[in-house]
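All remarks here apply to the structure that follows.
The values are calculated or read from the model by the stated rules, or taken from the named source; none is laboratory data. As the structure is a prediction and not an experimental result, all values here were calculated from the model. Neighbour counts run over all protein chains shown; Cβ positions are idealised from the backbone, glycine included. Side chains included, ligands, DNA and RNA excluded: accessible areas come from the protein's heavy atoms. Shrake-Rupley method; radii C 1.70, N 1.55, O 1.52, S 1.80 Å.
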Amino acid sequence: MRQATSKPFGEKDIALNKPHKMKKSAFFIRVYLVLLISVITFFTLYAYRNDVLDYWVEKNRIDPSPTLQEVENIKKAFLQYDPSQGDKQAAETIIREELGSDYDFMVLIEGTWTDTQSGVEAEEYYNMYVQSYISPMSSYRAEYAYSFSLTFGNDKAGEITLYPLFGEFYAMARTVCLLLALLVGLIIAIGLYLAHRHHLGSRITQRLMKSPALKWLHHLSVKLLAVNLFAVLLAASTFFFLYENRYSFFEFVNEIGYQRQDVDAVAKQVQTMIEEKQYRFHVDESSESANAQALSKDIAALIPEDLNVYLYDENTFYYAGSYQNTETRFVRGSMYNVNIVANPCIRIYPAHLADGIGELWIIYYPLVELVLPYVIVVAMIAISLYLIISLSFTQKKVTEIRYIYDDIEVLSNGDWDHEVFQESSDEIGQLGDHLNHMRISFSENMEKEAEAKRANQELINAMSHDLRTPLTSLMGYLEILQHEKYEPEQLSEYLHKCMEKCGQLKDRADSLFNYFMVFSEEPLELQEISIFQFMEIVDNMKEELELNGFHIAMDELSQDALVEIDRRQMERVFDNVRTNLMKYARKEGVEIKLFLDKRFTIMIKNSCKRQSEAESNCIGLKSIYKIMERHRGKMEAKKEGEEFILFLHFPISHIA
């Protein structure tokens, strides 16, 4: 059970009385956010791998060039190789046996070309002879390429260009980026757990809400607008960040060896078609064009729309093929306009025609098919972030309303000590705060009502006893007088006793009247007076007591101060004190002491009569207590043996 206490609105501690067990949906959202941050961290770090590579190369920690011995071994091997035999696989084997898989390469061989119109043989140039690379050219670090010339076994000149792959470095870079991303994810996960466990979000929010500059955020509508704007900005920022840095993802996909799986199958179909239809390179001039067009048409019927296929003859001259205009998608501003995506891959296959062996070149863009799915996934991530933020805020507010509803049900069952949930500073939080104030006020009123009822019952019981005793005696005396059951000399005595009992009845009635006058809580007419002026009331009481034979010793104050009192009510206080002293105190040894410190205190000390002499119903003390309470003061009464001590404490506003 919680205590029935409340603090002013805006200063309430965070309500920790509601269950904060993490729901499954909240758990999965946190896991999703941790994974998302980890993935974004990985690709952000991965984008800087080439900068690290350049630094390591500059510091000679990585050497991208082959050794001189490897170069010499390749040159010697090609002196024994005759390219006219067409065994290009053997040429690739020579290089692979020496360099392994650390390099991709391109081999050029010198050749000539002839102008078909003039028949004049033109100057020499290098033709592509064999290549090993199947990745887009932009994925190679061209600045680290190494070229050297060589001579084939048939005395033709050639040139080899080696492209270092840096396979070990990139594998290490991926591992390091993955570990750092996991570390960031772990830190975020621990932070989210601790924030949930220790309510850090609520504490930070409450502290911010206490700032006067942020009072405008106390409205639910403003909070809702701010949360939605923040969600939109975060979602848009995330989308554009991932979209603009998409190159890092596509470079990663390329480096782990992503390729289209249908290229080899398409090449096989084209090769089979050429062999089955027995196409020839060399036909008469009148049908050469038609032959090439027919071959191009047959090739186009076999290949997908996003593949380009070219057929070259034995002299590496273009003969036929199918070209799809796929480059139009790579215009500036397009989502496909990424360097690694817009650079094609090339695969070369042998083509066996009826009169010779040519080369079948398939040119394609393997990463294009991933661009649209990537953009869709990025858009879904952005939308999910917006929904997570906005729906989490909405769910939080709905949960607050549900808690308040549950608390109201508890209050409706009579448990007024049950505190209403209040956490935020908006209208929902204000509703909980107002309900708490209402609950506390109602509980205090009920306690006051019960206390007043109990006090009234005690008063009725006491007054019934106090009135019954003199009334019974009075009736007895009157009955004697009525029946004349007395001696003549006793008449005066009985009349005196009747008057005495009537006086007692009047005193009881006056006490009851004063009591109800005090507890009626009529408005106070407060005025600020000095203590010296206040002491006039005390002096009047002292004089009346001394006239009735009391011996009183009273202090005097050397300092003055201001007190705020209703003079008429305060005179009633000291009338009650005087009446009680006259009824229940002995006339000797009455002391009045005065104290002035942080408050003004009057102490009245007296010796009590024996129990048989007078009995008290405490009506006067109850009246004094109530009047002092209304003056923001305090009354204390205690009895030590035969001595009764009364303390009256008054708040002061200024000490002179």
(request) Please give every one of the lysines within straight-line cross-link reach of LYS277, meaning a C-alpha to C-alpha distance under 20 Å, and leave out same-chain neighbours fewer than 8 residues apart. (result) LYS268, LYS297
(request) May I ask you to give the percent of accessible area on segment 536-656 that is carbon plus sulfur, with a probe radius of 1.4 Å? (result) 45 percent
(request) Rank-order 240-251, 620-631, 259-270 by packing density, defined as the average count of other C-beta atoms within 10 Å over each peptide's residues, highest first. (result) 620-631, 240-251, 259-270
(request) Using only protein heavy atoms and a 1.4 Å probe, report how much of THR272 is accessible, in Å² to the nearest 10. (result) 50 Å²
(message) Could you sort the peptides 40-50, 436-446 by per-residue average Cβ neighbour count (10 Å cutoff), highest mean leading?
(response) 40-50, 436-446
(request) Highest first, please rank the peptides 487-498, 370-381, 578-589 by the mean number of other Cβ atoms sitting within 10 Å of their residues. (result) 578-589, 370-381, 487-498
(request) Please give the contour-minus-distance gain from VAL375 to ARG599: 0.36 nm per residue of separation, less the Cα-Cα distance, rounded to one decimal in nm. (result) 73.0 nm
(request) Any chance you could look up the accessible area of LYS156 with a 1.4 Å probe, heavy atoms only, rounded to 10 Å²? (result) 80 Å²
(request) Grab the beta carbon distance between HIS483 and ILE529, set R0 = 60 Å, and tell me the FRET efficiency rounded to 0.05. (result) 0.55
(request) Note down the nm distance, to one decimal, between modelled labels 7 Å out along Cα→Cβ at LYS583 and at ASN228. (result) 7.2 nm
(request) Quote the accessible area belonging to TRP361 in square angstrom, nearest 10, computed with a 1.4 Å probe and with ligands, DNA and RNA left uncounted. (result) 40 Å²
(message) With the cut-off at 22 Å, tell me which of the pairs LYS453/LYS609; LYS501/LYS609; LYS497/LYS542; LYS75/LYS156 have Cα atoms farther apart than that.
(response) LYS453/LYS609; LYS497/LYS542
(request) Grab the Cα-Cα distance for ARG332 and THR67, subtract it from 0.36 nm times how many residues apart they are, and report the gain in nm with one decimal. (result) 91.3 nm
(message) What whole-number distance in Å separates the alpha-carbon centres of segment 634-655 and segment 267-288?
(response) 124 Å
(message) If amide hydrogens are placed 1.01 Å from N in the peptide plane, which non-local residues have theirs closer than 5 Å to the one on ILE62?
(response) VAL57
(message) Explain nothing, just compute: Karplus ³J(HN,Hα) = 6.51 cos²θ - 1.76 cosθ + 1.60, θ = phi - 60°, for every residue of segment 591-603 in order, whole Hz, x for Gly and Pro.
(response) 10, 10, 10, 10, 10, 9, 9, 7, 8, 9, 10, 10, 10
(request) Can you tell me how much longer the chain between ASN456 and VAL283 gets when fully stretched, taken as 0.36 nm per residue apart minus their C-alpha distance, in nm with one decimal? (result) 49.3 nm
(request) Using θ = phi - 60° and the Karplus relation 6.51 cos²θ - 1.76 cosθ + 1.60, list the HN-Hα couplings for segment 296-308 in order, rounded to whole Hz, with x at every Gly or Pro. (result) 4, 5, 5, 5, 4, 6, 9, 9, x, 5, 9, 10, 10
(request) Output ³J(HN,Hα) for segment 93-101: one whole-Hz value per residue in order, computed from phi by the Karplus curve 6.51 cos²θ - 1.76 cosθ + 1.60 with θ = phi - 60°, and x for Gly and Pro. (result) 4, 4, 6, 5, 5, 8, 9, x, 9
(request) Go ahead and run the numbers for FRET between LYS396 and ILE645, Cβ-Cβ distance against an R0 of 45 Å, rounding to 0.05. (result) 0.20
(message) What distance in nm separates the two pseudo spin-label positions at PHE148 and SER653, each 7 Å out from Cα along the beta-carbon direction?
(response) 10.5 nm
(request) Please give, to one decimal in nm, the separation of the simple spin-label points placed at ILE37 and ASP555, each 7 Å out from Cα toward the Cβ. (result) 6.6 nm
(message) Amide H of GLY321 versus every other amide H placed in the peptide plane: which residues, excluding those fewer than 5 positions away on the same chain, fall under 5 Å?
(response) SER296, LEU311
(request) First compute the accessible area of segment 301-459 with a 1.4 Å probe, then give the percent of it belonging to carbon and sulfur atoms. (result) 60 percent
